1. Suppose each label sits 7 Å from its Cα in the direction of the beta carbon; what would the T193-R27 distance come out to in nanometres?
2. How many nm is it between the label spots at M133 and A6, if each spot is 7 Å from the Cα in line with the beta carbon?
3. Please compute the length gained on full extension between K123 and Q222, using 0.36 nm multiplied by the number of residues separating them and subtracting their Cα-Cα distance.
4. Go ahead and run the numbers for FRET between R53 and N246, Cβ-Cβ distance against an R0 of 45 Å, rounding to 0.05.
5. Please get the size of the charge dipole for the chain, origin at its Cα centre, with Cβ charges of +1 on Lys and Arg and -1 on Asp and Glu, quoted in debye to the nearest 20.
6. To make sure I understand the rule: partners must be aspartates and glutamates, Cα under 14 Å from the Cα of K2, and not fewer than 8 residues away in the same chain. Which ones qualify?
7. Under the 0.36 nm per residue contour assumption, what length would be gained going from the current alpha-carbon distance of Q38 and L258 to full extension?
8. Candidates (1) 69, 54, 42; (2) 66, 41, 35; (3) 65, 34, 31; which is the computed Cα extents along the principal axes in Å?
Amino acid sequence: MKMVGAQVAVLRVRKGLTQRQLAKLVRMEEETIASIEQGRRALMPDVAEMMDRVLESGGVLAAGVEKLPAVDQVPEWAEGFMDLEREALALSSYQNQVIPGLLQTEAYAHAVFTNEIPALSQKKIAERVAVRMARQEILHRQDPPNLSYVISEAALRDQLGGPDIHREALLHLRACTDLHGVTVQVMPLGRHTHAGLSGPFVLIVTPDLQHLAYAETQRGSQLISDPNEVNILSAKYAMLRSQALNPEETTGLLDGLLGER
């Protein structure tokens, strides 16, 4: 990503444009251009094509993005996704194994990372927990994004870290349902139909109104910009919301789970 970002910077300067001017021409935020040039944010194929036209670079950027090694397409610590998350206007997330990261307590996050295989050192676990907690600042910013979550009931019943940590996590999640702009729905157990069997994913709307998606696997992650693929995942998410409990039913379920102890 750093190599492609450096190419963007060189081509921009050669064209005599500032980051702000380029941002305006490709309908993006100036900060987004800076992130791309610094290699902190992935250059999406459609944006690369637009930049090639604006910068008259003959398809260099599009070719560079297409030929990136797989290791460069998945930034360490999913930094590209976290940059998008930090700036997003809206996030829609389906999770089937754990409570979503932005809604986790510190102790629950620690329990999640403790279950990594191969095992992480205590130092590495602490570092990852700190990053996860810092990400939650977006929940309390002056203009928070619209956040929608569909969470499998199984993730709420697993007692990661033990009963006390589990109860604290449920109490925190219940409190998050009252935050402005946050909608939580639970996908109940025992359904005969289910739109999320292929695994978790996140839909992202950026400040420049790009619609992207992000998906994690056992050994990697993928940032998705292809409009057709994003549309498919958007349709899946709409179906998941229709199959899940509504927000009021969800708070009732959480209250019931907390009342069982």
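1. 3.5 nm
2. It is 3.7 nm.
3. Working: separation 99, 0.36 × 99 = 35.64 nm, distance 2.66 nm.
So the chain would gain 33.0 nm between K123 and Q222.
4. On the way: r = 45 Å, r/R0 = 1.00.
Rounded to the nearest 0.05, the efficiency is 0.50.
5. Working: 26 positive and 33 negative charges, 80 e Å.
So the magnitude is around 380 debye.
6. Candidates past the 8-residue exclusion: E37, D72, E76, E79.
7. Values: separation 220, 0.36 × 220 = 79.20 nm, distance 4.59 nm.
Extending this stretch completely gives an extra 74.6 nm.
8. Answer by label: (2).
Just so you know, all these numbers are worked out from the coordinates, no wet-lab data involved. This structure is a prediction, so every number in the text was calculated from the model and none was measured. Cβ atoms come from the backbone with ideal geometry, glycine included; neighbour counts cover every protein chain shown.
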